[in-house]
Amino acid sequence: MSRLPIRLRVAAAFAVSMAVVLAGIASFLYARLGSDLSAAHDLQLRLRAEDLRALIRDPNDSLADAGGAPLIEQGESYAQLLDAEARVVDATRPLGDTPLLDREDLAAARDGPIFRELPSIRGLDERSRILAIPVERNGEHLVLVVGATLEDRAETLESLRTLLFVAGPIGLALATLAGYFLAGLSLRPVESMRRRAEEISAETPGDRLPVPATRDEIERLGRTLNEMLTRLHSALERERDFVADAGHELRTPLALLRTELELATRQGGSAEELRVAMRSASQEAERLALLAEDLLLIARSDRGRLPLRVEELELDALFETMLARFAWRAADAGRHLDAEPARGLRIEGDRIRLEQALANLVDNALRYGEGDVRLYGTCGETTELHVVDDGPGFPPDFSEQAFERFTRADTARGRGGAGLGLSIVRTIAEAHGGTAGALNSPSGGVDAWISLPAAAADGAAASGRGSEEPG
């Protein structure tokens, strides 16, 4: 059944449902008509019994003479008068002297009216129904039995049954065809969307599915699928941009590395020249390694599985590590690098990743900023780690896109780097359940920070503890 087309399955389900409904309606009509006919038959017997009761009060009147009267229909109705001994006192002509009631029914009829059904009687080989009521004539207590055949009722029910057996299948067939047509009409927009989806490929990512203005589930499905295609298109564009930018960034250090190695091998030269060439090549190789590691981290975060090894950390220890790592660079540039005491402030996070994020912020401050560089932490609803410099700051409106990949503010803050530093800072902050931001300080320079909500940091600790992967 599941292999059949949806249109056929809907039509089959509709047919089964209609068959059940039609069978129920037919059964109800048949039973209701039978009940109404029985009630009408019993009412007719009561009326005849009352009329005949008045007739038999006159000793000169006979039921045999009433056989041709309107009270008794010849061949369909009959009547019989019985005494207390079940002897026939009077009867219509077809019955003769055979009593219609046995002694038990006779005794019950003397107490009140009773109905009975008889399979057949003398002279009438048809099922019939009788009504027995107590009557009195000349002071004698008798029982009047009035009956009529059930042939009219049976013929009426048979006609209805025949009509239902003929009209029911025809109605079911018409309803099934209508269901098949309506199912096809309802699924036509789905087929239209399927044909369009079959044509969409990587070469036509901007195409969208046709959405019918039906305000129903089909329209909502089409809109949802188009929104999904938009997200996939955006993801595809980001991947293409990422690959293109990564290729561009890798091309420059690779070209420099190849140039340095070719010069060293072709020109030869003194040992000092070779050492200079190899040192330059080593720096480019280190730059390539760092860039590859940054790209790997971003790729892992895009797949939603950036590994974290969470532990409790002191901000003072993180700041001391940054001072020890970048003090020589600051001194070579004639600048001062300092950290304000965190006064025992602690956070939960991955030491290596948070040191990497802070190192990127300090590196940006030393590379693009001017003046002193200062590190400090704040604690409130969130724990923030700030890196502040005294340079010219971001260009107008650049802070909103500063954390995007391969983005640089070259016009205001010099050149160099791949434009991945702040993007990695944001990636690490979000992996810890936090955020990253940067704004121009009112006094000049850039204030960049990592914000770690306490609850989010705890959640990161629960999910990341013990999940460190190699590489």
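Any read-out appearing in this document is the output of simple, stated calculations on the displayed coordinates, not a laboratory observation. Keep in mind it's a predicted model, so treat the numbers as computed, not measured. Cβ coordinates were reconstructed from backbone atoms using ideal geometry, including for glycine residues, and neighbour counts include every protein chain displayed.
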Would you kindly state how much longer the chain becomes between Arg57 and Cys379 on full extension, computed as 0.36 nm times their sequence separation minus their alpha carbon distance, in nm to one decimal?
-> 104.5 nm
Once both labels are modelled 7 Å past Cα along the beta-carbon direction, what's the Leu43-Leu174 spacing in nm?
-> 3.2 nm
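Would you mind estimating how fast segment 9-154 diffuses translationally, via Stokes-Einstein at 20 °C and 1.002 mPa s with the Kirkwood radius over Cα pairs, in µm²/s?
This corresponds to a translational diffusion coefficient of 127 µm²/s.
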So how far apart, in nm, are the two label points at Met278 and Ser17 if each is 7 Å from Cα heading toward Cβ?
-> 8.3 nm
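Just to confirm a number: summing +1 for Lys and Arg and -1 for Asp and Glu over residues other than Thr156 whose beta-carbon lies under 13 angstrom from that of Thr156, what do you get?
-2
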How much net charge surrounds Leu101 when only the other residues with a Cβ under 15 Å from the Cβ of Leu101 are counted, with Lys and Arg +1 and Asp and Glu -1?
-> -3
Calculate, for Glu311 and Arg231, the FRET efficiency according to 1/(1 + (r/R0)^6) with r their C-beta to C-beta distance and R0 35 Å; round to the nearest 0.05.
-> 0.45
Which residue, chosen from Asn138, Ala109, Ser128, occupies the Cα position most advanced towards the positive end of the dipole of segment 9-154, where the dipole is computed from +1 (Lys, Arg) and -1 (Asp, Glu) charges on Cβ about the Cα centre?
-> Ser128
Note, ³J(HN,Hα) from phi for segment 154-166, Karplus 6.51, -1.76, 1.60, rounded to Hz, x at Gly and Pro | 5, 5, 5, 5, 5, 4, 5, 4, 5, 4, 5, 5, 8
Quick one: length gained pulling Glu155 to Glu117 fully straight, 0.36 nm per residue minus the C-alpha distance?
-> 12.0 nm
³J(HN,Hα) computed for each position of segment 355-364 - Karplus, 6.51 cos²θ - 1.76 cosθ + 1.60, integer Hz, glycine/proline x = 5, 5, 5, 5, 4, 5, 5, 5, 4, 4
Which whole-Hz ³J(HN,Hα) couplings does segment 340-351 yield from phi under the Karplus relation 6.51 cos²θ - 1.76 cosθ + 1.60, θ = phi - 60°, glycine and proline marked x?
-> 6, x, 8, 6, x, 5, 10, 9, 10, x, 7, 4
